[in-house]
Structures are given as structure tokens and as C-alpha cells.
Amino acid sequence: MKPPPFGYSRPETIEEAIAVLAGHDPDGKVLAGGQSLVPLLNMRLATPGHLVDINRLTELSHVRVTGGQVVIGALARHAEVLADQDVARAQPLIGQALALVAHQVIRNRGTTVGSIVHADPSGEMTAVLALLGGTVLLVSTSGERPVPASEFFLGPLESDVRPDELATQVRIPVLPARSGTAFAEVSRRHGDYAVCGVAVLAELDGSAAVARARAAYLSVAGTPLVLDLSDADGDPAVAGRIARERVSPASDIHATAAYRKHLAGVLTERALADAIAAAKERSVG
Amino acid sequence: MASDELFTVRFTVNGIVHDLQVPSRRLLSDCLRHDLRLTGTHVGCEHGVCGACTVLLDGVAVRSCLLLAVSADGARITTVEGLTRPDGTLSAVQQAFADCHGLQCGFCTPGFLTAITAALEENPEPTEEEAREIIGGNLCRCTGYQNIVKAVLRAAELRAEEPAADPAGSP
């Protein structure tokens, strides 16, 4: 349970960081919070040749709401994003999801951008990015490359970040008018990876009926699965049935496929009802 | 594969400045225990699950097994050894664990003490539910959690009785 040897750099600027990554392509790996990467190193499941520690790039610590987007820098810790009141007002789903990410002590160090780049299909923030249609900004010596969420997640633990690229920030759209969100998941142990989970966004029309609804699921596919639930017309039971029909999860040591399918239905019902209630409360308020 | 090049790091542990030469792959937990002989920080799972190795990094509770020592360069670290007051008396959290029988074998205790110490700085008056959330990331295999929850609440009481709480723990 000790990491294998690796080269190490701790750049002071983004320019220096991408130059080091370019110099070590394809053996470089970015170290931010390390709450996923260091366990992989300790268990020797990952053996990068060279780590580029970005913890000195304080210019990437930002969390701000601007131009209809929540912008989260690569060094913003989960705990900082979760505590940000502007973010909570602008896009409540982010806080609803982050409260379910591991434990306080892990959230103190782990970064939100890092967990998205890690692309764990059980990750709460991967589902948030996919559901809301966020963007990841990648930077290399060749320039900037924004990648939409729909193209970012390629497979389990595989995102569209090239070995010479640094993900500097993610942008997540703020909550539209007359809308509400909710997050629901089931995990075996407090703070552990979800056996199944769902993030829901519901939008009301002018007469407070549900105009549109969609959901993103974790732990039921290799990448976050986004489903349109608008056909349910705001009926949680119908939405649950749609979810059960549309997800095709795999069995593993944590749960059978049938149990995951069942959970997808139940959690969809709960989350959609909560999201609609939140949207109504927000429309009135 | 890269060789074990040594890096110079300087950090403060429990108020004492240390200058060290460490390979990049040295975990902070191993650095504290092996290089600095501060064996109060315990190593359980070494992948961030058990919480026994929790230390305070610039006042924030983190897993020392998920941090490279070289990454901690320039930081102020507090281990369980640094929680005791300068006169050797127990801190509020330590005293509460003794009062409430919050430990048996003691393996997990350093991680609980550090995590709770940091959490009470942020939330000095936790409810029982919040107390359970505070210790949610720490595993104990013998005492069970009832007495540890009581210890969190007792520690909050003891802290409140202290004259002008000082995070450095001066008497």
C-alpha cells in the first residue's frame, strides 16, 4: 500500500503546468486534491510516470457565478464549493450533490473539477454536469479546448482529457426560471459510493404544470445516463416507470441489476416529486 | 520508471519547524510516523476510508495517507500529539473521550480526535445528528459509536466552558 516511484513537479503557474505536461506527454498526470488518485497510487492501480501537482496554482481556486454560469476552478475544494452561498442560490443542485460526496474530511481536500475529470460513473458531480449540460475547459500548450458534458465522459474512469491537457475549470449553467432540482441516492454505508443515484431538473410552465423534466443517473452505466422525463407530465409514478424501462444496469458485488433498476424507479419518483416541489416554491417565492 | 529523487520540504508540525528530504512518493502519514517518529497518527486502510490517519493541515482536517509529504511543503500540520495543551493537560475533545469512554483499543482514536477538533471549530454547538455527521468518515471497530457521539457533544460543552477558546490551546 505504498505508491510506486514517480517524477514530481509543482508548478507555480498554469503556463508552467501545461509546459511540464507537454514535456511528459503521455506519462504525465495531474494531482489536485488526490482523494481518488492517491488511493489508486497506494493500491498501485495507477502508475503515472510524472505527477504535476497543481496545488500551488491558487489562480484556479475560484468559485464564482457569472454570465449565467457557475464557474468552478480546478483547485476549488468540494467543501469550498458546498459552502458558497452564491452557488447555492444560483444552482442548488450543486450543493445537493456535494453533500453526498464522501465525508467532510474528504471534501476538505478533494476538488470538484478533479472528481469530474476522474469520471467515476458513481460520481455525483459527473451526473450534475451531464444533467445540466455543463462544460469542462481544457488547456494545453496548443490552446484552450472547451468540451461539453455530452462529449466529455467516454467510459468508466475515462474522460476526454488528453495526457497533455489540464482541466482548469468547469462551467455549470445556473437554474432557469420556474425550475427546481433534487438529488437522491442509496449507498450501503454513509458517504460511500452510491449503488444507484439520480439528479433531477424539473421546469414548470406559466400555469405551474411541469413543462419539462430530465434526470441523470449514477452507477447504472459506464457514464452518466441522462433521460428525458417530460413524457411523464410531472407524474412521479409514471417517471419512475420510464426510468425502470430505460435503465439497463449491470450486476456487481454491491447490487444486482434488478435491484439497481428498482432503485432507479423509486429514486426517480422521490427526486422528481422533490424537484417539482422546489420549483413551485421558487416560483411562488 | 522514475528513480526516487529526493525533494526538500519544510513544514511545521505541532509548532516545530522541520526540514526534510523525502522521495516524491512518501505519504504524509509515513513521513510523520517514520521520518518524524510521531507515531500518534495511525495508519489503518491507506486508501482514505478509515480516517485513523486524519491530521490538521493549516487547521483543516485531511487524510494524511492521501497526501504526499512533498505536497505539504510550507504547511502547518497538527497531529494528535499537538492537541494536548502546552501544560500537558488534555484538550476538551481528549477530555471528553476520557469522560465518555469514547475509546477501547484506541487505534482509531487519533483520527476521531483530530476530525472532531476541526469540526468543533466550525460548528461549536453540534446537534446529535450533526455529531454523527462529523464522525461519519471515521471507522471504529470496537467501541461502537454511541460513546463517541456522546464525546462529541461533551467536548462541545467543555469547549464552551473554556475562557476565550484559543485554537492553539494555550492555558
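The values are calculated or read from the model by the stated rules, or taken from the named source; none is laboratory data. What you are looking at is a predicted structure, and each value in this text was computed from that prediction instead of being measured. All Cβ positions, even for glycine, are placed from backbone atoms using ideal geometry, and neighbour counts span all protein chains on display.
Details
- Scan of segment B:1-52 for residues that are among the acidic types (Asp, Glu) and closer than 21 Å to residue B:111 by Cβ, ordered by number: B:30, B:35, B:46
- The lone exception for residue B:62 - which of (1) under 27 Å from residue A:27 (Cα atoms); (2) surrounded by 23 or more Cβ atoms within 10 Å (Cβ to Cβ) it fails: (1)
- Residues of segment A:53-71 that are within 13 Å of chain B (Cβ to nearest Cβ) and surrounded by 17 or more Cβ atoms within 10 Å (Cβ to Cβ): A:53, A:54, A:55, A:56, A:57.
- Pairs are defined by a Cβ separation below 9 Å, a sequence spacing of at least 6 or placement on different chains, a first member in segment A:62-85 that is of a type in the set (Phe, Trp, Tyr), and a second member that is at pLDDT below 95; no pair meets this definition.
- Test: residue in segment B:36-44 that is under 20 Å from residue A:48 (Cβ atoms), within 16 Å of the chain's Cα centre (by Cα) and not assigned by TED's automatic domain parsing to the domain that holds residue B:112: no
- Selection over segment B:114-157 of residues that are surrounded by fewer than 19 Cβ atoms within 10 Å (Cβ to Cβ) and of a type in the set (A, V, I, L, M, F, W, C) gives a count of 3.
- Residue match in segment A:150-163 (condition: over 21 Å from residue A:222 (Cβ atoms) and of a type in the set (D, E, K, R)): no
- Residue in segment B:50-57 that is buried (at least 21 other Cβ atoms within 10 Å of the Cβ), among the β-branched types (Val, Ile, Thr) and not assigned by TED's automatic domain parsing to the domain that holds residue B:119 present: yes
- Answer from A:90, A:17 - the residue that is crowded, with 16+ Cβ neighbours inside 10 Å, under 23 Å from the mean Cα position of the chain (by Cα) and either more than 14 Å from every other protein chain (Cβ to nearest Cβ) or not hydrophobic (A, V, I, L, M, F, W, C) (or both): A:90
- Residue within segment A:208-230 that is among the hydroxyl-bearing types (Ser, Thr, Tyr) and modelled with pLDDT under 95 present: no
- Picking from residues in segment B:133-162 that are acidic (Asp, Glu) and away from every other protein chain (no Cβ under 13 Å), the one that is nearest to residue B:120 (Cα to Cα) is B:157.
- 2 or more residues in contact with a Cys (Cβ under 9 Å, 6 or more places away or on another chain): qualifying helices (runs of 4 or more DSSP H) within segment A:1-92: A:37-42
- When segment B:1-57 is filtered for residues that are within 13 Å of another protein chain (Cβ to nearest Cβ), among the polar types (S, T, N, Q) and either part of a helix (DSSP H, G or I) or within 24 Å of residue B:119 (Cβ to Cβ) (or both), the ones remaining, listed by number, are B:29, B:54.
- Selected residue (criterion: nearest to the other protein chains (Cβ to nearest Cβ)) from residues of segment A:33-52 that are buried (at least 22 other Cβ atoms within 10 Å of the Cβ) and farther than 15 Å from residue B:48 by Cβ: A:51
- Test result for residue A:30, surrounded by 21 or more Cβ atoms within 10 Å (Cβ to Cβ), in contact (Cβ under 8 Å) with a residue 12 or more places away in the chain and more than 17 Å from residue A:107 (Cβ to Cβ): yes
- Within segment A:23-38, the set of residues being within 20 Å of residue A:113 (Cβ to Cβ) and either of a type in the set (D, E, K, R) or over 26 Å from the mean Cα position of the chain (by Cα) (or both) comprises A:29 only.
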